[in-house]
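Note sheet for the following structure.
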Amino acid sequence: MKNQLCIVLDFGGQYNQLIARRVRECGVYCEIKRFDTPIEEIKALNPMGIIFTGGPNSVYDENSPHISAEIFEIGVPILGLCYGCQIVAYTLGGKVEPCIKSEFGKIEITQQNESPLFKDIPEKNIVWMSHNDYVSKLPDGFHVTAISADCPCAGFENPDRKLYALQFHPEVTHSEYGKNILRNFLYEVCEFSGDWVMDDFIETTVKQLREKIGNKKVILGLSGGVDSSVAAGLLSRAVGKQLTCVFVDQGLMRKDEGDFVEETFTKLFDMNFVRINCQKQFLEKLKGVTDPERKRKTIGTEFYNVFWNKIREQGTDGFFAQGTIYPDRIESGKGNSAGHGSTAVIKTHHNMVEMPEDIKFDGVIEPLGDLFKDEVRQVGEKLGIPYELVWRQPFPGPGLGVRIIGEITEEKIKVLQEADAVFRDEIAKSGIENQLKQFFAVLPDVKTVGVMGDHRTYDHLIAIRAITTDDFMTADWARIPYDVLARVSNRICNEVEHVNRVVYDITSKPPGTVEWE
């Protein structure tokens, strides 16, 4: 892709990917790089703008991430956010000190002097603050552009050098005009033209895939999730029957999900579709396993073995394709993210497959490697992939294996699939599905006493979980109307065998997590 480029330099902030997504939402292509990326490498990328992220450190701590003042001399507009704001001040001779009064949450700021960042934005507005330090003295040549009740330098800049800094986080939704501020930086200061368009991405990517693949074969591991489904759609459009999708159904998907995936891809796309049904094989390996981590490793190892054995049967001439997206590359250390003091590899992502040593392809193709999840969904919609797949909720790699607490059995899988299907059906009928980021049922492996008719029962308890969130870093339990919860509970208890009780998980994240295991 030859788009105009904005670089986000990551100083360990939790919102690094969110900043990049917001930039792309403004029609500007953006990539995340580590704070210590060599200056020559940054110059070679020819960015039109650079944004410094926030971070958890104090700039006056010598062990904190810092940057060479040379970055400010390359002539590219720079915007520092939160810790990045303090880095601008500290590196250029200003002073940063602990706050007399820290600021966290929604804070009102007032503009001081005119600034291109605040074009068409009210003089007073609400922003999201999160800092224990503040800029107590500006570097030479800078002036204040915004203040709050407790922060005398909520914003400052040197327009002659096109250097800008904000103590708050415009990238989060809590900042009323945050996206406007970022857009002003991109268009008023950096003078981007806005050439990041999804239609162009599809056309360009399909052309590049055809050129790279030629008349060779491509094999893709298809999970039925958003990323692999959209990757399959792009590859199918590019090379048709040269593509073979291998779908491993380990029996731990939601009710009828395996059939839905097969029907969708055999009818919608021109490709070869190979489905491997191996539930009994997985159940045998999982017999007696109760520890959550052992379950994950067992499922992952068996999936690995089944998948690669099928690949050996198919032959390895040609290319191997993956549904890797940009955050996968960042989290797995393949990109240039992660803050100071952390390892380059945060986690090895399930979309990034390690090949056995005996398997040699001509190369690996990652058609979505530059996209974020919301962008992948846009591509999926434009490719005509069904709504149910494009907007499929996050689903753990081990599937229902980590929503069944304790040992996994065929009976428990059946119970959970049926209960989860009822829950999903009622949420869809209620009209609140789009308000929820994720919802699902859990089988906690707890039995309780109940009464059905005139008989005492001792059967399974089902827990249901629904959350709202912007970024999955934090989440709140969803306030589902009582009448909807009542219908869910009644139907599960009446329609799902071996269930006599339903409870609703009202734990936020933190202290809980989204999943139970």
Kindly indicate which of Val379, Val345 is hydrophobic (A, V, I, L, M, F, W, C) and either at pLDDT 85 or above or part of a helix (DSSP H, G or I) (or both).
Val379
Flagged in segment 12-44 as open to solvent by 60 Å² or more (accessible area, probe 1.4 Å) and more than 18 Å from Lys179 (Cα to Cα), in numbering order, are Asp36, Pro38, Glu40, Glu41, Lys43, Ala44
Does Glu426 fit the bill of being loosely packed, with under 13 Cβ neighbours inside 10 Å, at pLDDT 95 or above, outside any loop (DSSP other than H, G, I, E, B) and charged (D, E, K, R)?
no
Of the conditions (1) surrounded by 18 or more Cβ atoms within 10 Å (Cβ to Cβ); (2) at negative phi; (3) not in a helix (DSSP H, G or I), Thr173 clears all except one; give me its number.
(1)
Can you confirm whether segment 458-466 contains a residue that is modelled with pLDDT under 95, open to solvent by less than 20 Å² (accessible area, probe 1.4 Å) and of a type in the set (Ser, Thr, Tyr)?
no
Considering segment 206-243 alone, what residues qualify as being free of Cβ contacts under 8 Å to residues at least 12 places away in the same chain and among the polar types (S, T, N, Q)?
Gln208
Out of all the residues in segment 472-501, which are in a helix (DSSP H, G or I) and either polar (S, T, N, Q) or under 14 Å from Ala441 (Cα atoms) (or both)?
Leu485, Val488, Ser489, Asn490, Arg491, Ile492, Cys493, Asn494
All but one of (1) out of contact with any Asp or Glu (no Cβ under 9 Å at 6 or more places or on another chain); (2) surrounded by 14 or more Cβ atoms within 10 Å (Cβ to Cβ) hold for Met48, so report the exception by its number.
(1)
Would you please name the residue that is farthest from Gly141 (Cα to Cα), looking only at residues in segment 51-86 that are touching a Pro at 6+ places or on another chain (Cβ under 8 Å) and open to solvent by less than 30 Å² (accessible area, probe 1.4 Å)?
Gly55
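Could you list, in sequence order, the residues of segment 1-35 that are assigned to a loop (DSSP other than H, G, I, E, B), more than 14 Å from Asp374 (Cα to Cα) and touching a residue at least 40 places away in the same chain (Cβ under 8 Å)? Outline the logic, then answer.
Within segment 1-35, the subset assigned to a loop (DSSP other than H, G, I, E, B) is 1-4, 11-15, 26-28, 35.
With more than 14 Å from Asp374 (Cα to Cα) added as a condition, the list becomes 1-4, 11-15, 28, 35.
Answer for segment 1-35, where residues must be assigned to a loop (DSSP other than H, G, I, E, B), more than 14 Å from Asp374 (Cα to Cα) and touching a residue at least 40 places away in the same chain (Cβ under 8 Å): Met1, Asn3, Gln4, Phe11, Gly12, Gly13, Gln14, Tyr15, Val28, Phe35.
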Would you call Phe303 under 19 Å from Leu400 (Cβ atoms), in contact with a strand residue (DSSP E or B) (Cβ under 8 Å, 6 or more places away or on another chain) and modelled with pLDDT under 95?
yes
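Is it fair to say Lys334 is surrounded by 14 or more Cβ atoms within 10 Å (Cβ to Cβ) and modelled with pLDDT of 85 or more? Let's see the steps before the verdict.
Details: surrounded by 14 or more Cβ atoms within 10 Å (Cβ to Cβ): yes; modelled with pLDDT of 85 or more: no.
The answer is no for Lys334.
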Mind checking whether some residue in segment 101-113 is in a strand (DSSP E or B), of a type in the set (Phe, Trp, Tyr), within 24 Å of Val8 (Cβ to Cβ) and under 30 Å from the mean Cα position of the chain (by Cα)?
yes
List pairs: first residue in segment 473-487 and farther than 14 Å from Ala463 by Cα, second residue modelled with pLDDT under 95 and surrounded by fewer than 12 Cβ atoms within 10 Å (Cβ to Cβ) anywhere in the structure, Cβ distance under 8 angstrom, at least six positions apart or on different chains.
Thr474/Pro510
Inter-residue pairs, beta-carbon under 8 Å, first closer than 18 Å to Glu388 by Cβ and in segment 432-455, second open to solvent by 90 Å² or more (accessible area, probe 1.4 Å) and modelled with pLDDT under 90, 6+ apart:
none
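The values are calculated or read from the model by the stated rules, or taken from the named source; none is laboratory data. Remember, predicted model here, so these are calculated numbers, not experimental data. Neighbour counts are summed over all protein chains in view; Cβ atoms, including those assigned to glycine, are modelled from backbone coordinates with ideal geometry. Accessible surface is based on the protein model in full, side chains and every heavy atom, while ligands, DNA and RNA are left aside. Shrake-Rupley method; radii C 1.70, N 1.55, O 1.52, S 1.80 Å.
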